[in-house]
Amino acid sequence: LVRPWAGEVRFKGAPLPADPRAAIDAGLIQVPEGRHIFPNLTVRENLLLGGYRRGAANRDQNLARALEVFPRLGERLGQKAGTMSGGEQQMLAIGRGLMAEPELLILDEPSLGLSPLLVEEMFALIRRLNGEGLTILLVEQNVHLTLEIADRGFVMENGAVTLEGTAERILSDPELQKSYLGV
């Protein structure tokens, strides 16, 4: 939403205009930190809103896909989203993102506020979606779990990239182990 003062954003080799609609149209779909569901709307209404701009032509198939990925949402289609648990709301937020047929799904802190068991389930789901061919950009503070499922990683400190490379290389970096993993 902030206009760039220098440089450009490129996606799939082409410049991306500094307009949120252009990002959506290109298939960059973000699931923001903190879920940002619509609490007074039903689960179904929240999901359908995910495909209002992109994916509308395949709405029924996309809805079926989101419910296949998250069967629990299918049990709650008529329920107000704000009455669901944090884990269910996170499922809804990701399901809403899937409704837009992402080319790149950007997940910002998907494990935030989840129990350890739900964190494991969330990472298994991310691994599954990626294994099915969906490209995912994962912004996450749980460094170890993230790098276990990632192909590449970037470590940022104070807005600057301080380490980058294959996930395997970063996991084995002694500085990272000392700073982030407590090894």
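Bear in mind that the values in this text are calculations on the coordinates, not laboratory data. Every value quoted in this text rests on a predicted model; they were computed, and no experiment measured them. Cβ sites come from the backbone with ideal geometry, for glycine too, and all protein chains shown count toward neighbours.
Would you kindly calculate the mean projected area, averaged across all directions, of the convex hull enclosing the Cα atoms of the range 22-102, in square nanometres?
4.7
Between ARG3 and LEU41, how high is the FRET efficiency from 1/(1 + (r/R0)^6) when r is the Cβ-Cβ distance and R₀ = 25 Å? Nearest 0.05.
It comes to 0.20.
Note down the relative contact order for the chain as a percent, whole number, built from C-alpha pairs under 8 angstrom at least six residues apart.
Answer for the chain is 19 percent.
Measure out, as a whole number of angstrom, how far apart the alpha-carbon centroids of the range 1-62 and the range 70-126 sit.
So the separation of the two Cα centres works out to 16 Å.
Taking the alpha carbon gyration tensor of the range 92-153, what are the square roots of 5 times its eigenvalues, largest first, to the nearest whole Å?
17, 14, 10
What does the convex hull of the alpha-carbon atoms of the range 71-180 project to on average, in nm²?
Computed as one quarter of the Cα hull surface, the answer is 8.0 nm².
How long are the semi-axes of the equivalent ellipsoid of the range 133-180, defined as square roots of 5 times the Cα gyration tensor eigenvalues? Whole Å, largest first.
Ellipsoid semi-axes (Å, largest first): 17, 13, 10.
Given a 10 angstrom Cα cut-off, can you work out which residue in GLY74, GLY87, GLY50 is the most mobile in a GNM of the chain?
Of GLY74, GLY87, GLY50, the most mobile in the Gaussian network model is GLY74.
Run the numbers on the range 40-126 and let me know its relative contact order in percent, using alpha-carbon pairs under 8 Å that are six or more apart.
38
For the chain, take the longest principal axis of its alpha carbons; what is the angle in degrees between that and the long axis of helix 86-98, to the nearest 10 within 0 to 90?
80
Quick check: residue separation of LEU137 and ALA167 times 0.36 nm, minus the Cα distance between them. What number comes out in nm?
Here the answer is 9.5 nm.
Stokes-Einstein D for the range 1-142 at 20 °C, 1.002 mPa s, Kirkwood Rh over Cα pairs, in µm²/s?
Approximately 137 µm²/s, per Stokes-Einstein.
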